[in-house]
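What follows is one structure encoded as structure tokens, with my remarks underneath.
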Amino acid sequence: MVANLTILVITQLILFIVGLLYIKWHINLKRWDKPFFPALIINTTWFVISIVIYSLIGQNPFTVLLIMYINIFLGFLIIAIIYVENWQRSLEIVGLAQISLFITSIFINFLFDLIGIFLIEGNDRLNGAKFLFFLFVLVFLGIIVFLSSWGDKIQLVKLRRVVVIVSVLPGLLYLIAAFISQQESFLNTFFQVLAISFTYSIITMVGAKQIAYKTIPIKELREHVILEKGKPLLKVTDLKVYYPLFKGTLKRKVGEVKAVDGVTFEIKTGETLGLVGESGCGKTTIANTILGLLTKEDGEILYHEESVPKELTNYLRQKIQMVFQDPDASLNPRLKVTGIIAEPLKNLLGITNKMEIRRNVLRLMKEVSLKREHMDRYPHEFSGGQKQRIIIARALACNPELIVLDEPTSALDVSVQA
């Protein structure tokens, strides 16, 4: 009796932590305010209800369903009260949370059963079955995680970890359940069990990937848009960027270098602005700060009269591109030129069709005087000027409205600088 009560409390504590993290994550995903507070209230309520009902009625399929329905209703009620305007999404959050907790409880029960089996000092057949099961779990997880994460298209899915988890679950549950029920007999049926486990997970993985692919925000490549001249495009006001100076073992701050101190300028559509100064005066620092690569100490950066956030959104990354000064530091040595220039097309526009990508890459390469035979070469096979042209082509891929150029023609021949 005491042992069962201990297992029950441990199980509910684990479910409390999992539920707290899940609901907090899901509310964050919806971009609602203060996610921790409602997550804590909901899971505390669920924890108390589960302990009380299990203590009074006991653990059976009826109580599991009863607790699930009560928890969904109360969780929906709590979120609907806290987020009045978003009550329609509340049922989605608590429903998925209860399904996740139900699957987690199955895993916990299986885990207790596995611990009991592994603590038994059995004969050679049981020990062999234990070793084989442990080995197959590692092999199964490695293969399914690799397959569910493999491919260029899945990298564009924001919740790809969810796809991996959903793919792993069915096969892993079957594998564990088969070992618990068979134990010594697992040695005779392990090939069949492993084949069925892989089948379940692969079928689930294909379905999960197809659903996840529909969430990719696929956009068409914008044609060149002629902006109306004289409209505000970029405005920098009293920009300050300081680098801290540290000293001693404890890295105590002893001062700061004022790389940029009170710079103000404005660029309107159709204009070109040049920042001129000696080496180390802060030109590159200003460029990196505009793109959110450095944190500003003070000042304001406006794009189309709207404040630029610390981390640029996908929308702003499409609109603002940069050509860096050092081509070698800007190119991935493991990617071919096609892959380098195609990065904005894949990551920002969601274009995954290989023929369409190559067609757009070839067009961009021609614009910077590179040839078709250069498409499948690596960066180390090019000269400094050619590398710079590759970076310029990548910056032009999304047809941006603003391009920040950090000495882009320093490595180019006079014949192609124009």
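Here, each number is a calculation from the coordinates, and none is a lab measurement. A quick note: this is a predicted structure, and the numbers were derived from the prediction, not measured. Methodologically, a virtual Cβ is constructed for each residue, glycine included, from the backbone with ideal geometry; neighbour enumeration extends over all protein chains shown.
Some points to look at:
- For the stretch 25-82, a residue qualifies if it is surrounded by 12 or more Cβ atoms within 10 Å (Cβ to Cβ), under 26 Å from the mean Cα position of the chain (by Cα) and farther than 17 Å from Leu101 by Cβ, and the qualifying residues are Asn28, Leu29, Lys30, Trp32, Pro35, Phe36, Phe37.
- Checklist (1) touching a Phe, Trp or Tyr at 6+ places or on another chain (Cβ under 6 Å); (2) touching a residue at least 60 places away in the same chain (Cβ under 8 Å) applied to Glu297, failing item: (2)
- Scope the stretch 83-112; condition of a type in the set (S, T, N, Q), surrounded by fewer than 17 Cβ atoms within 10 Å (Cβ to Cβ) and over 20 Å from Leu13 (Cβ atoms); matching residues: Asn86, Gln88
- Identity of the residue in the stretch 226-275, out of contact with any Pro (no Cβ under 8 Å at 6 or more places or on another chain) and of a type in the set (Lys, Arg), that ends up nearest to Ile403 (Cα to Cα): Lys235
- Residues of the stretch 297-353 classified as surrounded by fewer than 15 Cβ atoms within 10 Å (Cβ to Cβ), over 18 Å from the mean Cα position of the chain (by Cα) and part of a helix (DSSP H, G or I), total: 2
- Residues (of a type in the set (Gly, Ala, Ser) and within 17 Å of Asp238 (Cβ to Cβ)) located in the stretch 252-286: Ala259, Gly262, Gly282
- Counting only residues that are aromatic (Phe, Trp, Tyr) and without any contact (Cβ under 8 Å) to a residue 24 or more places away in the chain, the stretch 150-177 holds 1 of them.
- Candidates Ile196, Ile115 - the one that is assigned to a helix (DSSP H, G or I) and loosely packed, with under 14 Cβ neighbours inside 10 Å: Ile115
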